[in-house]
Amino acid sequence: MSHPISLKDLNPAQKEAVIWGANPLLILAGAGSGKTRILTYRIAYLISQGIPAFQILGVTFTNKAAQEMKSRVLRLIDRDVWVSTFHSTCLRILRMDGPQIGIDRNFTIYDDHDQLVLIKECMKEMNFNDKQIHPKGIRERIQRAKDSLITPYQYLEKAEDFYEENVGRLYEKYEEKLLKLKACDFGDLIVKTVHLFDRVPKVLETWQERFQHILIDEYQDTNHAQYRLVKLLADKRRQITVVGDPDQSIYAWRGADIRNILNFEKDYPDCGIIRMEQNYRSTPVILEAANEIIKHNTMRKPKALWTEKEGGALITLYEACDEKDEAEQVIRRILEFKNQGISLADQVIFYRVHAQSRILEDVLRRANLPYKIIGGVRFYDRKEIKDVIAYLRAILYPHDDLSLKRILNVPSRGIGKKAFEMLEKFSAEGQISFQEAVHQSDRVTGLPPKSQKAIQSFAKMLSRLRKEKKDLSVDEILREVLERSGYLHALEEERTIEAQSRLENIEEFFSVIEDWKDANANDSEKLTLEAFLESISLMTDLDTWDHGTNILTLMTLHTAKGLEFPNVFMVGLEEGLFPNGNAYTDDLEDLEEERRLCYVGLTRAKERLFLSYARERRLYGARHYNLPSRFLNEIPSELYGKKSTLHVSESREETFPDSEIEIDFDIGFKKHRILFE
């Protein structure tokens, strides 16, 4: 039974994409061209044509984007569809079919922090220290290896030096420990799903039948493992639609491979290509600047953004004396717009590296402006939140030794380092898990009576909570944990500002639970501790960011993709900073990625764009004297405003005194003269 949907609000290119036939389709969707709308309309259209909703798979990169797409489809055609991230999709597949390749159905998911703890354990056992090899560097190498589907054996085989050999050996040890702990890290979710499909053809065939229509968002950001996953699922029916923009491929440093989208036609020779170039976000001035910059790249599929909008302010360009001057001018301008009625939530500051935020934060505090940094310390990375999550995981997963080790002496129970080492030795010698060693602590020779009593008391508490969890809701379990463990009492007794802040964060964690319960209110079967822990394991910074809050947002350009703001301030446009120093090689790929990053920043702006650079800048403890960024020179001079209302501060007082100055400066080979009054 068909359910017709209206396509009258779509432009010709959008409509063509939505009603495309059975052949593979590549949609080159420029910034602000409505790609989310196209994906949701196409899903709704397929259902309206009689395709069962359960045969459609939609994949995007953040939980927030997935939820938005699901809700839009629901509004269009009143059907619930499988739209999720790559990791969430693979998690569900592994929970169902993972046992066929020996994966425990109740495996634990390890995040970045858990990975680091496990890697440090491996290093300790192999007699490495962090002066020889940095644990975070090892984690990065392992993550990139998994992105490329490289096993420890293959890594060792390709190792070209002693360092890489050590990485390979640690990778091998790390995988052994994950297996023993019945755990998977984020990379494993995709790697093991690909392995499952490769090794068990019947399972692959089942999922190919299930997902007869596949739609992938942000295809330019896929890595090799994700590419292989999609290729396997789409191989039988070949009814695949991918949406992306090579000009916005900015994540090579974390494994994204731009070749996936550039070579789509080679993978699917019968595919169609639709270019969506009409932009609904920015003014003609902003779009022309973005088009002019990006056309200098060679690794792309040509397109040019355009808009039906007219007019728009010229781009403001500011040359600062130094980083303090730059920060003061940006904040002053933001204050001016605030006084004119433009919300702080409608303004954003983008920078190339996190270190640039420090001086901006200093000035914002002086100006008494509320702000939030996206990509700073995540809520879920705070110690107290990691602690309570570890308690919940230890209750749910008896085999999760990592979580158990974290909480065994948190809050302090008098179980010292020596007792820990004795338990670990007992575990290793008896070839039992750390969990079992804790429960058998009365058999550990030489364990101090005080430590033994504390360990046994802890073990009994954990056992009782495990028995009771089936009769308790998630928030009730957490309250019991906080009460019985003494965690809340310990923080209250500390009586410090830091402890109070931690208590407030724990309270906020209950808000997280309530939000999760509200989101799943229609499906009580999903309101389990396991489902809750999975939901927060897959959370990202942007999933927890509220754009509607009236505070100023600061973020790196890498975090900016997918967002939009009326007023955009891009700071630090200097050679060596943006483009950064890595771009100065014979290989143009790094420079082209930096240019794409600049393009992404420009196209976030809806109405006004402010660019700035400093003649000198203190960064990383040293003073730098850099030329203006080449990207500034790639924007035609007629797109820059002749006049700006920025003021140069002659002092560092909190009042930000006004003054007037005329500045001459060079950008590359062009001479500009702009009055700053």
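The values are calculated or read from the model by the stated rules, or taken from the named source; none is laboratory data. Just so we're clear, the structure is a prediction, and the values are computed from it rather than from any experiment. As a convention, Cβ positions derive from the backbone with ideal geometry for all residues, glycine included, and neighbour counts pool all protein chains shown. Note: areas computed on protein heavy atoms with side chains; ligands, DNA, RNA excluded. Shrake-Rupley method; radii C 1.70, N 1.55, O 1.52, S 1.80 Å.
Packing order of peptides 276-282, 260-266, highest average first: 276-282, 260-266 (average count of other Cβ atoms within 10 Å over each peptide's residues). Taking a span of 30 Å or more along the helix axis (Cα atoms) and a mean Kyte-Doolittle hydropathy of at least -1.0 as the rule, the DSSP H helices of the chain that qualify are 497-519.
Relative contact order of the chain, taken over Cα pairs closer than 8 Å and 6 or more residues apart, is 17 percent. Near residue 318, the amide H atoms lying under 5 Å from its own belong to 611, 612, 613; only residues 5 or more places off or on other chains count, and H is placed 1.01 Å from N.
On the beta carbon distance between residue 340 and residue 381, with R0 = 35 Å, the FRET formula returns roughly 0.40. Within straight-line reach of residue 182, meaning a Cα separation under 13 Å, sit the following aspartates and glutamates at least 8 residues removed in sequence or on another chain: 104, 400, 401. Segment residue 236..residue 445, full-extension length gain: 69.2 nm, with 0.36 nm per residue of separation and the alpha-carbon distance subtracted. Within straight-line reach of residue 8, meaning a Cα separation under 19 Å, sit the following lysines at least 8 residues removed in sequence or on another chain: 35. Distance between the modelled labels on residue 429 and residue 266, one decimal in nanometres: 5.8 nm (7 Å Cα→Cβ projection).
The count of lysine pairs in the range 298-438 whose Cα atoms are under 24 Å apart, excluding pairs fewer than 8 places apart on the same chain, comes to 15. Spin-label model, residue 354/residue 153: points 7 Å from Cα along the beta carbon direction are separated by 3.7 nm.
Out of the GluC sites (Glu not before Pro) in the range 300-348, which ones are loop residues according to DSSP with at most 12 other C-beta atoms within 10 Å?
Passing sites in the range 300-348 are 308, 310.
Here residue 37 sits with roughly 70 square angstrom of accessible surface, probe radius 1.4 Å. Radius of gyration (Cα atoms) of the range 1-150, expressed as a multiple of 2.2 N^0.38 Å: 1.45. Remark on residue 276: its backbone amide H falls under 5 Å from those of 28, 29, 30, a criterion applied only to residues 5 or more positions apart or on other chains, H modelled at 1.01 Å from N. Computed on the Cα atoms alone, the convex hull of the chain gives a volume of 182 cubic angstrom per residue. Taking 7 Å steps out from each Cα toward its Cβ at residue 306 and residue 550 produces label points 4.0 nm apart. What the Cβ-Cβ distance of residue 479 and residue 522 gives, at R0 = 35 Å and to the nearest 0.05, is a FRET efficiency of 0.90. Between residue 177 and residue 369, the contour length at 0.36 nm per residue exceeds the Cα-Cα span by 64.4 nm. A simple count of charges around residue 405, restricted to other residues whose Cβ falls under 10 Å of its Cβ and scoring Lys, Arg +1 and Asp, Glu -1, yields -3. First measure r as the distance between the Cβ atoms of residue 468 and residue 117, then evaluate 1/(1 + (r/R0)^6) with R0 = 30 Å and state the FRET efficiency to the nearest 0.05. It comes to 0.60.
Listed by chain and number, the lysines whose alpha-carbon sits under 27 Å from that of residue 158, ignoring those within fewer than 8 places in the same chain, are 120, 124, 131, 136, 146, 173, 177, 180, 192, 231.
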